[in-house]
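The values are calculated or read from the model by the stated rules, or taken from the named source; none is laboratory data. Since we're looking at a predicted model, the values are computed, not measured. Don't worry about glycine lacking a Cβ; one is built from the backbone with ideal geometry, like all the others, and counts go over all protein chains shown.
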């Protein structure tokens, strides 16, 4: 059993993949910061959701590739995503309870 | 790590053999001894919390009593709640986690024995830290829920709340450390063949609880940290004048507080799920459904917190959602009740003391559950909230549920822990007086509550229809004092005078009963391969388990190279003679915990204006803590 | 490793044959500490969720400035500019992202330590074997991030925002301060690994201790990814 996990550990991507992931993360960050300085984009109703989606992509990329969740034992996926879902629901519920989702401006 | 200990290290094991002496307890890493420490400490705090309750009920016995002052009363009810929740029920559950989980899953210890010792010492120091102030009349006085802004400097200028904020922060670290340990233990140290769906139900419910701890304690850690910053460093988290929201604390607290309710009850559910099958001579009815309902309760438990806050006016949408979620969570809880009844149905029931406590849990928890569903409805809750009706409700679930379940567990497992039975007739007296006293104390509170008596008032005027009910409650409390005294004497005396118990005094079906009582330090000389949920019944009475799934028909067939068939171990060896490596005794967790607690306590000096002393103690404590950690982590475990 | 590890071997196991004797039995075949660190990370999700929720709940509720994204004029007519410095924080965000890259390469270097280099390996293949180099780079990038944070805090205080000033100050410093404390602990952890590496060399047998440090480090990074968007970019 332990020899299986050892194998799994070596199925990780090579160094170039990590570098490519780093480049993608940098590019997304550049887009985020660039958008911050374009008033027309900031005024757009999709600005905030768009930024949140971009940061979620970065979040997922680091977790899947750098933290190897994509390649590792599924137990770790359960241990991470379960709490993450509860945390996300808690944030959402709290913001709702404090009236953050009212569209009136 | 070689399986043969180096000769120079073997002396550590000899030291282990000396199971007496305070140093052996300070340095122990044995889960059973740590469980024993938890049990004794938590029982002590249970008596402290009970004593506080007695003083409260004495004050309330008659209208306009002057037994204690209003301020003392505030300290008493705050510390009664805080003690019972954090220093009695949680650590009593932790005592069983420690003692039973490794035994039930066929392991030799927990995954991180030293972290386990650390958890206990942090708990002990935190418990002392938060309890001692009451002797000097400076105990926390803001309720166990500590609502800010009431607990900010503006309204609570004294040091009272400081002890509470820092004390709970310390206790939280203990619970979190223990939870990571048990999650790892349950995932990774199960005996061969013990799949998740073959784990004993106590281990299952404990497993769920560890996740609740891991996810519920961070929100209170943060809420307490905000309060700590407000109190010591002048931040504005709870300062209404700066625009703070008075509901922030309430939400963060109950995001923790409601899962905490399940942290308190699920271990008791687990214990009775061991007791009921044993004394009904039948496997637990609907095992899978019991597991799923436990997980459901745990998960839904994170989505119902705002039902503690219907009275603050969250609006109809929020009220409806939380009301619905609360009604929903009653379903898996009800399922458990029916499964326990079905377990007893047509069983060969033996009415031993643990069985009586277990049955009492089913009945009393049902009453508390029903009153709980009553105030899941916001209109009803608005009438009931902050009255004695609520006090009645949560004592039916926490005393009628958790405490009854824990007593069932203590009577059931005492023979395993000590090798001797608790005296049965004293146990019967304890049970019946406890049962009568409990109902006499808390049932009348439904009425005084419905008649409008508010919680937390230190006295009341005559002629409001509350006098009789309060007197009954107080009499009930004195009966509880008698019953608890009987228990304490029985607990102490039976250690040396109780009837001797063998491996399996009750004819139970799980692994912890296959080894001697009390278990040797290594637990299992040979790790068994488990083929069903009740391995010991497979061995001794296969007819009982004929109806449940087995991995192979013959329990003597072994597929795992690491294990031997399920068997009974009656001989005692030493770990050394068996070649089993044991963790060394070490005082490092003790001193690391001490350093961490002193780091927190340094902040108290800031209250008295001694900032330089505060800084010295906090920084000094932090440095000692970090060096303690380094020294601990760089020394070998075994 | 734990005592259990020998669970299986127990009575018979002493001095037994197999090369696996030192390898402790676990139910899943996974290492205890790796399971524990993931459970810890799950718990940290709730910790930062509580901090982030509070920041967002109190967003725009401060009665007095300075404010993060908008200008504020006090009673005396003094103008306070929007306080967040996006260019500086973008730079520090980039630094932290790159530290994650260095960390994952450090882990890879430890895993590959015993694998012989192919003949004529290029500079990159050889560079990837330097666990000390990557560990040092990760730690230095982490320290750079902390330097940026110290600079940010100092300039905010200079501009009139302390932790006591308003709700924004309290929530901002606490949220980013909690994160900074995590980075500090991580830097300490990395230097410890670097020390061990220099003293006795980290190899594939030490994969676990580097792996759990890396998981912690990456998690601290993803928390910053969330903070950067929710605190700095969204207005």
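Residues of segment C:55-66 that are touching a residue at least 40 places away in the same chain (Cβ under 8 Å) and either facing chain A (nearest Cβ under 7 Å) or closer than 16 Å to residue B:180 by Cβ (or both): C:56 alone. Residues that are surrounded by 22 or more Cβ atoms within 10 Å (Cβ to Cβ) and under 14 Å from residue B:482 (Cβ atoms) within segment B:428-454 comprise B:430, B:431, B:434, B:438, B:441, listed in sequence order.
Residues checked against (1) touching a helix residue (DSSP H, G or I) at 6+ places or on another chain (Cβ under 7 Å); (2) surrounded by fewer than 15 Cβ atoms within 10 Å (Cβ to Cβ):
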site	(1), (2)
B:311	yes, yes
B:321	no, no
B:330	yes, no
B:333	yes, no
B:347	yes, no
B:351	no, yes
B:355	yes, no
B:375	yes, no
B:378	yes, no
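Table: residues versus (1) surrounded by fewer than 24 Cβ atoms within 10 Å (Cβ to Cβ); (2) touching a helix residue (DSSP H, G or I) at 6+ places or on another chain (Cβ under 9 Å); (3) not in a loop (DSSP other than H, G, I, E, B).
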{"position": "B:97", "(1), (2), (3)": "no, yes, yes"}
{"position": "B:100", "(1), (2), (3)": "no, yes, yes"}
{"position": "B:116", "(1), (2), (3)": "no, yes, yes"}
{"position": "B:121", "(1), (2), (3)": "yes, yes, yes"}
{"position": "B:126", "(1), (2), (3)": "no, yes, yes"}
{"position": "B:130", "(1), (2), (3)": "no, yes, yes"}
{"position": "B:135", "(1), (2), (3)": "yes, no, yes"}
{"position": "B:147", "(1), (2), (3)": "yes, yes, no"}
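Scanning for something more than 22 Å from residue B:100 (Cβ to Cβ) and assigned to a helix (DSSP H, G or I), does segment B:402-423 turn up at least one residue? Within segment B:402-423, none of the residues are more than 22 Å from residue B:100 (Cβ to Cβ) and assigned to a helix (DSSP H, G or I). Take the residues of segment C:55-68 that are over 29 Å from residue A:87 (Cβ atoms) and crowded, with 19+ Cβ neighbours inside 10 Å: which is modelled with the lowest pLDDT? Taking the candidates together, the pick is C:65. In segment C:69-78, which residues are part of a loop (DSSP other than H, G, I, E, B) and either surrounded by fewer than 11 Cβ atoms within 10 Å (Cβ to Cβ) or in contact with a helix residue (DSSP H, G or I) (Cβ under 6 Å, 6 or more places away or on another chain) (or both)? Selection gives C:75, C:76, C:77, C:78. Taken as a whole, the condition of being more than 8 Å from chain B (Cβ to nearest Cβ), in a helix (DSSP H, G or I), at pLDDT 95 or above and closer than 16 Å to residue A:79 by Cβ does not apply to residue C:52. Go through (1) within 8 Å of chain C (Cβ to nearest Cβ); (2) surrounded by fewer than 24 Cβ atoms within 10 Å (Cβ to Cβ); (3) free of Cβ contacts under 8 Å to residues at least 60 places away in the same chain one by one and return the number of the condition residue B:172 breaks. With (1) within 8 Å of chain C (Cβ to nearest Cβ); (2) surrounded by fewer than 24 Cβ atoms within 10 Å (Cβ to Cβ); (3) free of Cβ contacts under 8 Å to residues at least 60 places away in the same chain applied to residue B:172, the lone miss is (1). For the condition within 13 Å of chain C (Cβ to nearest Cβ), more than 15 Å from residue B:118 (Cβ to Cβ) and either modelled with pLDDT of 90 or more or surrounded by fewer than 19 Cβ atoms within 10 Å (Cβ to Cβ) (or both), residue B:571 qualifies. Could you grab me the full set of residues in segment B:498-535 that are assigned to a helix (DSSP H, G or I) and modelled with pLDDT under 95? Residue satisfying the conditions is B:535 alone.
Quick grid of which residues meet (1) in a helix (DSSP H, G or I); (2) within 25 Å of residue A:36 (Cβ to Cβ); (3) under 9 Å from the mean Cα position of the chain (by Cα):
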| residue | (1), (2), (3) |
| --- | --- |
| C:174 | yes, yes, no |
| C:186 | yes, no, yes |
| C:190 | yes, no, no |
| C:196 | yes, no, no |
| C:202 | no, no, no |
| C:205 | yes, no, no |
| C:217 | yes, no, yes |
| C:225 | yes, yes, no |
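Being in a loop (DSSP other than H, G, I, E, B) and outside the structural domain of residue A:18 (by TED's automatic domain parsing) holds for only one residue in A:96, A:101, and it is A:101. Of all the residues in segment C:128-141, those that are farther than 14 Å from residue C:104 by Cβ and part of a helix (DSSP H, G or I) number 4. In segment B:202-219, the condition of being more than 8 Å from chain C (Cβ to nearest Cβ), touching a residue at least 40 places away in the same chain (Cβ under 8 Å) and either surrounded by fewer than 22 Cβ atoms within 10 Å (Cβ to Cβ) or over 21 Å from the mean Cα position of the chain (by Cα) (or both) is met by no residue.
The number of residues in segment A:65-76 being more than 7 Å from every other protein chain (Cβ to nearest Cβ), touching a helix residue (DSSP H, G or I) at 6+ places or on another chain (Cβ under 9 Å) and either in a helix (DSSP H, G or I) or crowded, with 20+ Cβ neighbours inside 10 Å (or both) comes to 4. Within the option set B:195, B:185, being surrounded by fewer than 21 Cβ atoms within 10 Å (Cβ to Cβ), within 11 Å of chain C (Cβ to nearest Cβ) and under 27 Å from residue B:548 (Cα atoms) holds for one residue only, B:195.
Among the criteria (1) at pLDDT below 95; (2) out of contact with any helix residue (DSSP H, G or I) (no Cβ under 8 Å at 6 or more places or on another chain); (3) within 26 Å of residue C:104 (Cα to Cα), the one residue A:46 does not fulfil is (3).
Within segment B:227-259, the set of residues being at the interface with chain C (Cβ under 7 Å from one of its Cβ atoms), in contact (Cβ under 8 Å) with a residue 24 or more places away in the chain and crowded, with 24+ Cβ neighbours inside 10 Å comprises B:237, B:244, B:252. Only one entry in A:85, A:52, A:91 is in a helix (DSSP H, G or I), within 18 Å of the chain's Cα centre (by Cα) and either more than 7 Å from chain C (Cβ to nearest Cβ) or touching a residue at least 60 places away in the same chain (Cβ under 8 Å) (or both), namely A:85. When we screen C:189, C:217 for residues that are buried (at least 21 other Cβ atoms within 10 Å of the Cβ) and in contact (Cβ under 8 Å) with a residue 24 or more places away in the chain, the only hit is C:217. If you go through segment B:279-313 and keep only what is within 30 Å of residue B:385 (Cα to Cα) and without any contact (Cβ under 8 Å) to a residue 60 or more places away in the chain, you end up with B:293, B:296, B:299, B:300, B:303, B:304, B:305, B:306, B:308, B:313. Count of segment B:541-555 residues, restricted to those that are assigned to a helix (DSSP H, G or I) and either touching a residue at least 24 places away in the same chain (Cβ under 8 Å) or within 26 Å of residue B:33 (Cβ to Cβ) (or both), is 2.
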